[in-house]
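The values are calculated or read from the model by the stated rules, or taken from the named source; none is laboratory data. Treat the numbers as computed from the prediction; the structure is a model and nothing was measured. FYI the Cβ positions are ideal-geometry reconstructions off the backbone, even for glycines, and counts take in every protein chain you see. Protein only, heavy atoms only, side chains kept; ligands, DNA and RNA dropped before computing areas. Shrake-Rupley method; radii C 1.70, N 1.55, O 1.52, S 1.80 Å.
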Amino acid sequence: MKSPKKRPLGRPSGQQEGLPTSKTILHAASKLFIEKGFESVSMNQVAELSGVTKATVYYYFPTKTELFMASMLEVLSFVNERIRTILEQPSSFRSRLVNIATNYLKIPQVHMDGMVEKVRHHLSPEQQESLIIHENALYQRLQEGFDAAVRNEEIVCNDSFIAAHIFVSMLKVGERKYTDDNKLFASIEEAAEGIVSFLWRGIHK
């Protein structure tokens, strides 16, 4: 009589809250990496937040670097899709920019460029290139939005790609705080409106 095949160590038996287990792990990992940075996150923490065993995390993502890569690409893909959805809304381009800014500022930020720099020596050239491609896709998505607004005669913009980069750089200003009680903007909504208003002075018709 043949004995039943054993599952590989750590293989989960099902799904978490209707999501594939790998997605549950990625959601938890991306939250931790964004809030704490690469060095401060352990596989134990990811397992605990995911509600799975550490062996399960290692089953899907054999190294912390692979988990970081997968989670960051997941985040970038999600943000790209969110930007696309907002840009397709029927409201004015200015309103859509405010919406994008508000969504961005609601996420606790450990800037991805700074985080990637710290972990770069752990990444292969192919992994670094993959991150760059996904990050550039965000700027390209925004560029498409600026181009459409130019065609619709909502704005004047000679270089939409530079405008997209300037917009993202300005969003980082919205997170600026000097102490917990001394912030540049009183609220996320005020920051989003203030940033877009400042940008709008240079591009509106």
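Name the residue that is modelled with the highest pLDDT, counting only residues in segment 101-147 that are open to solvent by 60 Å² or more (accessible area, probe 1.4 Å) and among the β-branched types (V, I, T).
Once the filter is applied, the top-ranked residue is I133.
Could you identify the single residue in K54, K64 that is over 26 Å from S187 (Cβ atoms), more than 12 Å from the chain's Cα centre (by Cα), crowded, with 20+ Cβ neighbours inside 10 Å and of a type in the set (K, R)?
On the way: K54 fails: crowded, with 20+ Cβ neighbours inside 10 Å.
Matching residue, one of K54, K64: K64.
For segment 71-95, name all the residues that are among the hydrophobic types (A, V, I, L, M, F, W, C) and crowded, with 17+ Cβ neighbours inside 10 Å.
Within segment 71-95, M72, L73, V75, L76, V79, I83, I86, L87, F93 qualify.
For segment 148-165, name all the residues that are modelled with pLDDT under 95 and basic (K, R).
Of everything in segment 148-165, nothing turns out to be modelled with pLDDT under 95 and basic (K, R).
Considering segment 182-201 alone, what residues qualify as being open to solvent by 50 Å² or more (accessible area, probe 1.4 Å), modelled with pLDDT of 90 or more and not hydrophobic (A, V, I, L, M, F, W, C)?
Listed by number, the residues that qualify are E189, E190, E193, R201.
In segment 1-35, which residue that is open to solvent by 40 Å² or more (accessible area, probe 1.4 Å) and modelled with pLDDT of 85 or more is nearest to K106 (Cα to Cα)?
K31
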